[in-house]
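The values are calculated or read from the model by the stated rules, or taken from the named source; none is laboratory data. Just so it is clear, the structure is predicted and the values come from calculations on it, not from any experiment. Reconstructed Cβ throughout: ideal geometry from the backbone, glycine too, with neighbour counts over all protein chains shown. Note: areas computed on protein heavy atoms with side chains; ligands, DNA, RNA excluded. Shrake-Rupley method; radii C 1.70, N 1.55, O 1.52, S 1.80 Å.
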Amino acid sequence: MDLTYKKLAELIAFNRRNFIKLVIGGAVGINITPLPWKLTDDIAIWTQNWPWVTVPAEGEFVHENSVCRLCPGGCGIQVRKVDERPVKIEGRTDYPVNPGGICPLGAGGLQLLYNENVRFTTPMKRVGPRGSGKFVSIPWDEALTLLQARVAGLRLQGRPEAVAAVDGNPSRSSMSLLIQRFMEALGSPNYTRMPGVEDTSAIMNRLMQGTEGPMAYDLENSDFVLSFGCGLIEGWGAPGRMIHAWGLWHEAPMKGKVKIVQVEARASNSASKADQWVAVAPGTEAALALGLAHVIIKERLYDRDFVNDQTFGFEDWTSGNGKNHLGFRRLVMEKYSPGNVAMITGLDASTIITLARNFAKAKAPIALWGKGKGDLNGSLFEFMAVHCLNALVGNINKPGGVVVHNPLPLSPLPEWEKDGIAREGLAKARLDQAGSAAFPFSHSLIANMGEAIVSSEQSPVDTLLVFSANPAHNLPDGGTFRNALQKIPFIVSFSPYRDETAFMADLILPDHNDLEKMDDVVWPRGLQYPLYGLSKPVLDPLYDTRHSGDVIIQLAGIMGGPIESAFPWENYEEYLMTRAKGLYEAEGGLTGFDEAPPPWKDYGGRVQVKSNYTSFNEMWDQIKSGGLWYHPNHRFGGWDGIFKTPTGKFEFFCTKIQLAAKGLAGGGPMDVALKKMGIHAEGDEAFMPHYEADPDPEGKGKYPLLMMPYAIINLSSGQVPNPPYLNKTLLDHQLLKKDSFVEINPQTAAQYGLKEGDRVIVQSPRGRLRVRVDLFDGAMPGVVFIPLGFGHTAYDAFERGKGANPNEIIHGGTDPLSGETIWWNTRVKLVKV
């Protein structure tokens, strides 16, 4: 490894990234301003001519409390209004998720509300070539009739499965559940989701813990945070919460008592501000985690009481048929010594040993997973390997550790009688193969659906419904799904924004902006206690848009029969109330937060919480007003019954994987079945966390470098466009006029004769990107880094035609067992322009 790069990994001092101090307030960062970066006066005057700039008339100041839904973090926001016009968004101090904190995207949300250049203002149908963005306005009645006729026609033909849906809403949200219910009522099994870290975490959770609850991290009570690529101050989890937590860790009384270690190949802002940056080769994080486990086990630093009493598969074991099986201890001791792991990761063996000791000896250590903001999926076996560290130190269901929960106690929806068309359609195989014998634990594999459409002579999908998603730009699939969209006869977008996928639609049924509608946040990402958030409209809709939830309910009513009976609600709020009744029945919840003490303080020692309401209607009115219901109480240390695996314990050896492989093998060779599941390990190793080396099908000779996309906190890389003000916060080595940059270590650049600012082509087997060179000592030699969020061909002039989108050239293969795309390990080459 390059000595300069290694020195930086030890010292970390990048002046060029000092802007993050403005986001987190230097080292404190409990409260930040609504727009952390101030424009100069002349620019401010110039921008008053832009329609999305909030220049209010004189009037009374009022404030509306709500919840931000621009990401799954669910931070509380306060919207300041003048003469009923929203003019400013701030973080709420009376909201437990993010006491006062707010991220740049949330703070700039008003520009998405007012910008007609990025919003659809009325239903529309396409009149130009697909992808041209040429539409004409039509009335809502006509739009709904068009869609109803299309879907009803497919059902009459006995082809309900030809309707497919892509959903970008959070997986636990009520909106996501409503879309799934609509697809089920139609009779289509082809509901897919945009990939995210929660999907991979959910599989890991089911395999190792047997639970369906969300991953919950008691970070504020931890004293050693070991992050495997998480963008802790780049938007991971709930950004407002993480900004606040980062401040807590760096001010009295916690200053100097919490150690933060960042594991990743690039000196991100999280790595630069961490106490230690551990620079590993991309895709080798699982090997590092297992190397740490080796040291912890060898030096007997693990929690023997927890491991012996609450886990399965740590030691070698014998099954009921008398067969001996390999245990996790022996696997790790034989294959993952610090020396072996050093050769895989590029680290020194001494670094691995010291890190393992420091982690295991901390009072409340926690290991985290999920690269960047968590907008994309992760590697299943990597997540499992990292979580094994939490199990080894016994910090599961303990203060400062991973907290085990059941799902939020929302009421189940009423059953209904499906008709024969729906039953026959649902019995057919999914296009994406999720839930099949090859991918038994996945619920959605949208990349497989794209491949199935592209590889078919005629698209098996006739009508595609797209909700809160922009797969044409955001899927890390090398453009496959964009090509699939060209083959689908009829596409309906419910997006409020003029994104790339909407531009390819035949029909636009525009949703409200998030500030114009009511919707829920079911357990903000990573939060350690149960919380139900509820956004509310802070103003009447500006345009002729409708809540997508109301549109689904209206469409079901038009279709009638069994489909109508599946949706017995008058509107979306009534539907939300049906689910929320479970919160009232669960008892012990609160609908207000008084700032002191914060919920994470004395979280496990708090007496039983007494509800501050006496009826459901009272509770619902309070949730609508304050935006939350939460339960700040937990019983730590009780493990009886919390693990719902087949063995009733935390499983190092995952019996569900073993059973699935046996079922697929059907009595035949097990290694053949494992290969079909994408697993290259053999024998019992396949059923435990392990490192799967990159098979490198293309060969390092033709494509000698690795490309890794990365996230920036002030650049949206999800479904919503970037607020124009945030473009002003991008540095000249991130975006210069219309050119974005690739970060390259100077040593690597010298091999290609490249210098700062040169134009270069980054090419993979899937395509090529034109970018400029940014020489960066914090980039690992042999790896190039390209930011996510650029390369749009839609939206407005502030977004369109600026920079390159790394998703277009990703060619990383398929993650073993989960079936998701490997987006962090694409082989590329550089061509100087």
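Points to keep in mind about this one:
- Residue in the range 771-791 that is over 23 Å from Glu451 (Cα atoms) and acidic (Asp, Glu) present: yes
- Tabulated pairs, the range 665-691, first free of Cβ contacts under 8 Å to residues at least 40 places away in the same chain, second open to solvent by 60 Å² or more (accessible area, probe 1.4 Å) and in a helix (DSSP H, G or I), C-beta under 8 angstrom, 6+ apart or interchain: Ala665/Val672; Met670/Lys662; Ala673/Lys662; Glu682/Asp671
- The number of residues in the range 707-756 that are part of a helix (DSSP H, G or I) and either at pLDDT below 95 or open to solvent by 20 Å² or more (accessible area, probe 1.4 Å) (or both) comes to 8.
- Residue list for the range 607-628, filter: open to solvent by less than 60 Å² (accessible area, probe 1.4 Å) and either within 23 Å of Gly400 (Cα to Cα) or modelled with pLDDT under 90 (or both): Val609
- Selection of the range 533-544 for residues being under 16 Å from Tyr572 (Cα atoms), in a loop (DSSP other than H, G, I, E, B) and either open to solvent by less than 10 Å² (accessible area, probe 1.4 Å) or of a type in the set (Lys, Arg) (or both) yields only Lys536.
- Which listed residue, of Val521, Val492, is assigned to a strand (DSSP E or B) and either in contact with a Lys or Arg (Cβ under 6 Å, 6 or more places away or on another chain) or open to solvent by less than 10 Å² (accessible area, probe 1.4 Å) (or both): Val492
- Tyr691 assigned to a helix (DSSP H, G or I) and open to solvent by 40 Å² or more (accessible area, probe 1.4 Å): no
- Those residues of the range 776-815 which are touching a Gly at 6+ places or on another chain (Cβ under 6 Å), modelled with pLDDT of 95 or more and of a type outside the set (D, E, K, R), in sequence order: Phe790, Gly791, Gly803, Ala804, Asn805, Ile809, Ile810
- Among the residues of the range 299-343, those identified as open to solvent by 30 Å² or more (accessible area, probe 1.4 Å), in a strand (DSSP E or B) and not aromatic (Phe, Trp, Tyr) are Thr318, Asn324.
- All positions within the range 800-833 that are assigned to a loop (DSSP other than H, G, I, E, B) and in contact with a helix residue (DSSP H, G or I) (Cβ under 9 Å, 6 or more places away or on another chain): Lys802, Asn805, Asp815, Pro816, Leu817, Ser818, Gly819, Glu820, Trp823
- Only one of the numbered conditions (1) under 30 Å from Ala686 (Cα atoms); (2) part of a loop (DSSP other than H, G, I, E, B); (3) not aromatic (Phe, Trp, Tyr) is not met by Ala286, and that is (2).
- Filtering the range 578-602 to residues that are part of a loop (DSSP other than H, G, I, E, B) and open to solvent by 40 Å² or more (accessible area, probe 1.4 Å) leaves Glu587, Asp594, Glu595, Ala596, Pro597, Lys601, Asp602.
So that you can scan it fast, the table gives a plain yes or no per residue for (1) in a strand (DSSP E or B); (2) out of contact with any Phe, Trp or Tyr (no Cβ under 7 Å at 6 or more places or on another chain); (3) among the β-branched types (Val, Ile, Thr):
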residue	(1), (2), (3)
Gly59	no, yes, no
Ser66	yes, yes, no
Arg80	yes, no, no
Ile89	yes, yes, yes
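- For the range 560-577, the candidate set comprises residues that are assigned to a helix (DSSP H, G or I) and crowded, with 21+ Cβ neighbours inside 10 Å; within that set, the residue that is farthest from the chain's Cα centre (by Cα) is Ile563.
- Pair list, Cβ under 9 Å, 6 or more apart: the range 282-308 residue on the phi > 0 side of the Ramachandran plot, other residue among the acidic types (Asp, Glu) and open to solvent by less than 10 Å² (accessible area, probe 1.4 Å): Gly283/Glu382
- Residue in the range 761-784 that is on the phi > 0 side of the Ramachandran plot, open to solvent by 10 Å² or more (accessible area, probe 1.4 Å) and either touching a Ser or Thr at 6+ places or on another chain (Cβ under 8 Å) or assigned to a loop (DSSP other than H, G, I, E, B) (or both) present: yes
- Across the range 420-460, the number of residues qualifying as over 21 Å from Asn377 (Cα atoms) and touching a helix residue (DSSP H, G or I) at 6+ places or on another chain (Cβ under 6 Å) comes to 6.
- Residues satisfying the stated conditions in the range 58-77, i.e. buried (at least 16 other Cβ atoms within 10 Å of the Cβ) and farther than 15 Å from Pro537 by Cβ: Leu70, Cys71, Pro72, Gly73, Gly74, Cys75, Gly76
- Within the range 349-363, considering residues that are touching a Pro at 6+ places or on another chain (Cβ under 9 Å) and open to solvent by 10 Å² or more (accessible area, probe 1.4 Å), the one nearest to Lys298 (Cα to Cα): Ile353
- The requirement of being in contact with a Leu (Cβ under 8 Å, 6 or more places away or on another chain) and crowded, with 23+ Cβ neighbours inside 10 Å is satisfied by Pro530.
- Qualifying residue in the range 652-672 (condition: out of contact with any Leu (no Cβ under 6 Å at 6 or more places or on another chain), buried (at least 20 other Cβ atoms within 10 Å of the Cβ) and under 22 Å from Tyr217 (Cα atoms)): yes
- Every residue from the range 787-833 that is open to solvent by 10 Å² or more (accessible area, probe 1.4 Å), aliphatic (A, V, I, L, M) and within 23 Å of Asp432 (Cα to Cα): Ile822
- Where Leu8 falls short, out of the listed (1) in contact with a helix residue (DSSP H, G or I) (Cβ under 8 Å, 6 or more places away or on another chain); (2) modelled with pLDDT under 90; (3) assigned to a helix (DSSP H, G or I): (1)
- Residue match in the range 83-94 (condition: closer than 30 Å to Pro189 by Cβ, open to solvent by 40 Å² or more (accessible area, probe 1.4 Å), touching a strand residue (DSSP E or B) at 6+ places or on another chain (Cβ under 9 Å) and not basic (Lys, Arg)): no
- Some residue of the range 632-651 being under 28 Å from the mean Cα position of the chain (by Cα) and among the small types (Gly, Ala, Ser): no
- Residue, nearest to Ala556 (Cα to Cα), within the range 138-151, restricted to residues that are free of Cβ contacts under 8 Å to residues at least 24 places away in the same chain and either outside any helix (DSSP H, G or I) or open to solvent by less than 20 Å² (accessible area, probe 1.4 Å) (or both): Pro139
- A search for C-beta distances below 7 Å between a residue of the range 580-598 that is farther than 19 Å from Pro412 by Cα and any residue that is of a type in the set (Phe, Trp, Tyr) and open to solvent by less than 80 Å² (accessible area, probe 1.4 Å), counting only pairs 6+ apart in sequence or on different chains, returns Leu590/Tyr630; Thr591/Tyr613; Thr591/Trp629; Phe593/Tyr95.
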